[in-house]
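All remarks here apply to the structure that follows.
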Amino acid sequence: MKTTFRMDREKAKELLAQVESAASSSPKPSEVRQRVVKILNTVPAYNWVGIYLVKGNDLHLDAWSGPAATIHTTIPIGKGVCGFAAKSGRTEIVSDVSKDPRYLECFANTKSEIVVPIRDGAKVVGEIDIDSDELNAHSSMDREFLEAVASKLARYCN
């Protein structure tokens with residue numbers, strides 16, 4: 001039987017150190033973003049990880065890590081869970097995507113999602129989008145950890 005992974009403070013601290021290392025080891029923002037999605041995709045409950053950047057009135061997929069590409073490479077701000085998070089500027093945790101009418105299906109096996117805005121000051125410049133094949137995969141600890149990652153990424157998303 002599959003064991004559900006739960007983020008804890010120690011794992012979050014370890015991963016955040018890896019994110020900081022990735023950020024400091026590359027002068028190119030696009031490389032930093034690609035390294036970060038790969039680091040995040042090592043979390044067992046994070047089956048697909050993407051970073052979208054805001055361009056005009058849309059989110060554009062910039063970097064991703066997971067088993068397959070998504071068809072949603074451009075999402076209008078305000079549409080879907082991703083678009084809603086970008087518009088509101090708030091982290092969205094969807095414990096069961098089948099019960100959220102905003103959800104835009106990317107993968108048939110996705111059960112839950114967390115979307116964390118990346119802000120430069122008050123302005124949303126991008127977001128981290130994470131899908132999981134498990135129901136209720138994302139906790140307040142995931143939110144806290146991913147919001148810390150998003151704050152580290154802000155300078156690499158302009």
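The values are calculated or read from the model by the stated rules, or taken from the named source; none is laboratory data. The model shown is predicted, which means the values in this text are computed figures rather than measured ones. Positions of Cβ are generated from backbone atoms using ideal geometry, with glycine treated the same way; all protein chains shown enter the neighbour counts.
For this structure, a couple of remarks:
- Set side by side, the residues V49, V54, V19, V43 differ, and just one is touching a residue at least 40 places away in the same chain (Cβ under 8 Å) and outside any strand (DSSP E or B), which is V19.
- Flag if E144 is surrounded by fewer than 17 Cβ atoms within 10 Å (Cβ to Cβ), of a type in the set (D, E), over 20 Å from P27 (Cβ atoms) and touching a residue at least 24 places away in the same chain (Cβ under 8 Å): yes
- The single residue among A154, A68 that is in a loop (DSSP other than H, G, I, E, B) and under 27 Å from E31 (Cβ atoms) turns out to be A68.
- Options A85, A17, A23; residue that is closer than 16 Å to I130 by Cα and small (G, A, S): A85
- Counted residues, the stretch 84-100 - those being in contact with a strand residue (DSSP E or B) (Cβ under 6 Å, 6 or more places away or on another chain), among the small types (G, A, S) and at pLDDT 95 or above: 3
- Check on P29, under 18 Å from R155 (Cβ atoms) and out of contact with any Phe, Trp or Tyr (no Cβ under 7 Å at 6 or more places or on another chain): no
- Selection from the stretch 52-72 of residues that are surrounded by fewer than 17 Cβ atoms within 10 Å (Cβ to Cβ) and under 14 Å from the mean Cα position of the chain (by Cα): H60
- Of all residues in the stretch 73-127, those that are in contact (Cβ under 8 Å) with a residue 24 or more places away in the chain and part of a loop (DSSP other than H, G, I, E, B) total 13.
- Test: residue in the stretch 36-47 that is among the polar types (S, T, N, Q) and in contact with a Leu (Cβ under 6 Å, 6 or more places away or on another chain): no
- Test result for R143, at pLDDT 95 or above and outside any loop (DSSP other than H, G, I, E, B): yes
- Qualifying residue in the stretch 130-139 (condition: surrounded by fewer than 16 Cβ atoms within 10 Å (Cβ to Cβ) and hydroxyl-bearing (S, T, Y)): no
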